[in-house]
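Since the structure comes first, as structure tokens, the remarks are kept for the end.
Computed from the coordinates by the stated procedures, all read-outs in this text should not be read as laboratory data. Quantities reported herein were computed from a predicted structural model and do not represent experimental measurements. Cβ atoms come from the backbone with ideal geometry, glycine included; neighbour counts cover every protein chain shown.
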Amino acid sequence: MSMHTLLQYKWSMMTPEFIVLITALILSLADLWMPNDKNRRPLAWIAVVGVVIALIATAGLIPAKPVSILYDTFRIDSFSKAFKLLVLAGGALCLLLALDYRPKEGLSHRGEFYYLLLCALLGAMIMASSGDLITLFVGLELLSVSSYILAGIRKTSAQSNESALKYVISGGIATAITLFGMSYIFGLTGTTNLKEMAFEVQKLADSNYQYLLALAFLLLLVGLSFKISSVPFHMWAPDVYQGAPTPVTAFLSVVSKTAGFVILLRLFITIFAAAPAHGKDPSSLLLSMQNYIAVLAGLTMIIGNTVALRQRSMKRLFAYSSIAHAGYLLVGFAAMSWVMIDSIWFYLLAYVLMNVGAFAIIQRLSDEADSDDMIHFAGLYQRNPLLAVSMGIFLLSLAGIPGTAGFIGKLNIFLGALMTEPGHYMLAAVMIATTVVSYVYYFGVFVQIFFRPADEAASVKLPVGLTVTVVLCAFGTLLFGIFPSLAYQVLAQFEHFGDFLQ
Amino acid sequence: MGNVYANSYLIVFVFLCIGVLLPVGALTLGKLLRPHVPSEAKQTTYESGNNPFHDSRVQFQVRYYMFALLFVIFDVETVFLYPWAVAYNKLGLFALIEMLIFVLMLVLGLIYAWKKKVLQWM
Amino acid sequence: MSSVSLSVYLVLALILFCIGLYGALTKRNTVIVLICIELMLNAVNINLVAFAKYGAHPGITGQIFALFTITVAAAEAAVGLAALMALYRNRKTVHIDEIDSLKH
């Protein structure tokens, strides 16, 4: 490669990544040379500003034609742009949470906290727009390794340490399984470029190859289910969510999950949708594997929603709820209707808003008590009515009550499951049933907030970062719940992600 | 050609069998021949005539791990330097600059560790 | 002179992977678990390099991929050990079944 070819690339397409990278570098250097006793909180504002600028830059790239640079390893298509918007929005909101994170024993590594979040975000962005297995893998690991450290950033808290260790171990196993699957696909196609893979994979009609390809598919599905915390790799979520600092929990449940779906969709649609299937009926390997994904989606919804019923810890409750939401999202994937990516995108948008908002309030109440038991929510309505109403909105949205973004998201996925030929009635039924079950625990929290007497009378004051988050999230949840067409207009610019495979 | 290879594998296999059988055979034979009269004094750990006084496992200072961790990271980064060095003549100046940027990143990491006082033996 | 065929390497990698997975899921000592994860990642490397050398489409990409895997595995192991060290300072144990403070 010479200087000339290097300058030919459209580097402007990578602007958002560069902005996040440079912000992270500036923060790390600033943190290194700042005196030890200086407060690190202003650094968080720099990080938030950097991410918001990156968000604007991404939005500015929307009209651009799909291109791929650096020998097709980095591609900007509507899929990557759409999901990068989500990831960046989620990242900015989590940074606002991190700004006002005040654990009981203080946070001695506040500087690291912020730029590790940025590094994780960068990993998620690279995943969203990579066109090559190697970059996909490096992005995935940048996200994972940063999150491992983030989960254990409270160095002196045994719970945080434990959460980090459990996350590393289950993450390591999942990475190894994913990679093992990747190595088989690489072996069958002889390339790591996704586009060439899709081309090569069409030639593999021999049943031996089919067998290996199906094995690779299952390995990838199992390995990637870790990132989206769905069955069979969901057991880490409650422990890690509970022990990790709350902003990190929010990050894991929102940004990490979005990134997980990004890699899932990117890999499976590009490679396995093109692969021929052995049987006579289905037209591609992906379609022939549809039943397995549907079973996993069903199990994820059932396990997440039923185990959540007996949780007292708010973060554990939200961990199981997040498993359940991964199940709903998998329904969208398993149905494989033509609105699949659109409905998943909208659901993730709603999920980012309602979940980060809820975590902001959980963070406020659990930091104060140094415990995240549900009891601290008792009588929130008397202590701060506005906060209680916002939490109510988030809970209603998570439960999927009409008028909220969560409802529209669920409706889209539900309709997607029914509109295919043949319709996935069973899956839709499971979805309805488990949603009804989920009402029980969401309304349990609801009852605590509005109908239980408060332990202490002191009103709850919200620091500025959390206020901004809660207001933005509550506003967004209602806005997209009442006027979903606003989000559809954004989606319309992506034209159903038609340039996905070009 | 294939035959030659198969033959050499055969030799390896024979040696492998001898290597496994010899110690196993010798120890089993010894067990059959020697008298078996255990007593308290015989079963104590033998430490060059001294009385063993604590656990034979020694815990290493946790600081060694810090150096080990740093070493692992920097050691593995050289993995990228080898292919570059092998193909150096073909790649030319541009790759040299790229590699310098890469090494600069590593140096940044080292400075980070230094400033965080990881390199000091406190 | 490929007297050893591709499938032998693949079987080796598969066995190594299964040993690693078994160990990672059953062992008590966290250090052993981390080593087992390395075993699984090395199985991946064998696969990649074997495919790159003897596969249907020989090329250099697989070896490059293996290099990246090695580096990332090292980073992961370093973070894992660091997390273990932090935990050991607080809890004085490396046994997985004793690390159970996070339960409902």
Listed peptides A:329-335, B:34-40, A:456-462, A:485-491 by packing density, highest first (mean Cβ within 10 Å): A:329-335, A:485-491, A:456-462, B:34-40
Calculated [θ] (222 nm, deg cm²/dmol) that DSSP helices of n ≥ 4 give over chain A, each run adding -39,500 (n - 2.57): -23000 deg cm²/dmol
Amide H contacts under 5 Å for A:Asp132, placed H, 5+ residues apart: A:Leu194
Estimated vicinal HN-Hα couplings, Hz - the stretch A:288-304 in sequence order (Karplus 6.51, -1.76, 1.60; Gly, Pro = x): 6, 8, 3, 5, 4, 4, 5, 4, 4, 4, x, 4, 4, 5, 5, 5, x
Calculated FRET value between A:Ile26 and B:Leu93, using beta carbons and R₀ = 25 Å, to 0.05: 0.30
Only Lys, Arg (+1) and Asp, Glu (-1) charged, at Cβ; the stretch A:323-455 dipole about Cα centre in debye: 300 debye
Gyration tensor verdict on the stretch C:6-95 (Cα atoms; rounded if a/c is under 1.5, prolate if a/b is larger than b/c, oblate otherwise): oblate
Phi to ³J(HN,Hα) by Karplus 6.51 cos²θ - 1.76 cosθ + 1.60 over the stretch A:43-56, Hz, x for Gly, Pro: 4, 5, 5, 4, 4, 4, 4, x, 5, 5, 4, 4, 4, 5
Proximal lysines to A:Lys195, defined as alpha-carbon separation beneath 24 angstrom and excluding residues fewer than eight positions away on the same chain: A:Lys10, A:Lys65, A:Lys81, A:Lys84, A:Lys203, A:Lys227, C:Lys53
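Which whole number gives the average, over all residues in C:63-71, of C-beta atoms from other chains lying within 10 Å of the residue C-beta? Write out the running numbers ahead of the final one.
Values: counts 1, 4, 9, 2, 6, 10, 9, 3, 8.
Per residue, the number of nearby Cβ atoms from other chains is 6 on average.
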Partner chain coverage, peptide C:90-99 - average Cβ within 10 angstrom: 2
Positive dipole terminus of the protein assembly as shown, leading residue within A:Phe497, B:Leu32, A:Ser390 (C-beta point charges): B:Leu32
Residues whose placed amide H lies under 5 Å from that of A:Val67, excluding near-sequence neighbours: A:Ile76
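Report, in debye and to the nearest 20, how large the dipole of chain A comes out about its Cα centre when Lys and Arg carry +1 and Asp and Glu carry -1 on their Cβ.
Computed charge dipole of chain A: roughly 560 debye.
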Convex hull of Cα atoms in the stretch A:256-380, direction-averaged projection (nm²): 8.7 nm²
Neighbour-count ranking [beta-carbon atoms within 10 angstrom, fewest first] of A:Trp33, A:Trp345: A:Trp33, A:Trp345
Local electrostatic count at C:Thr61 - Lys and Arg +1, Asp and Glu -1, tallied over other residues with Cβ under 13 Å: -3
Among A:Ala428, A:Ser229, A:Thr270 - extreme Cα towards positive end, dipole of the protein assembly as shown, charges at beta-carbon: A:Ser229
Residues A:His325, A:His376, sorted so that the one with the fewest Cβ neighbours within 10 Å comes first: A:His376, A:His325
Proximal lysines relative to B:Lys31, as straight alpha-carbon distance under 18 Å, when same-chain residues fewer than 8 apart are discounted: B:Lys42
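Rank these for me by crowding, C:Ile96, A:Ile153, going from fewest to most other beta carbons within 10 Å.
By the 10 Å Cβ count, ascending, the order reads C:Ile96, A:Ile153.
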Number of partner chain Cβ atoms within 10 Å, mean per residue of A:187-196: 4
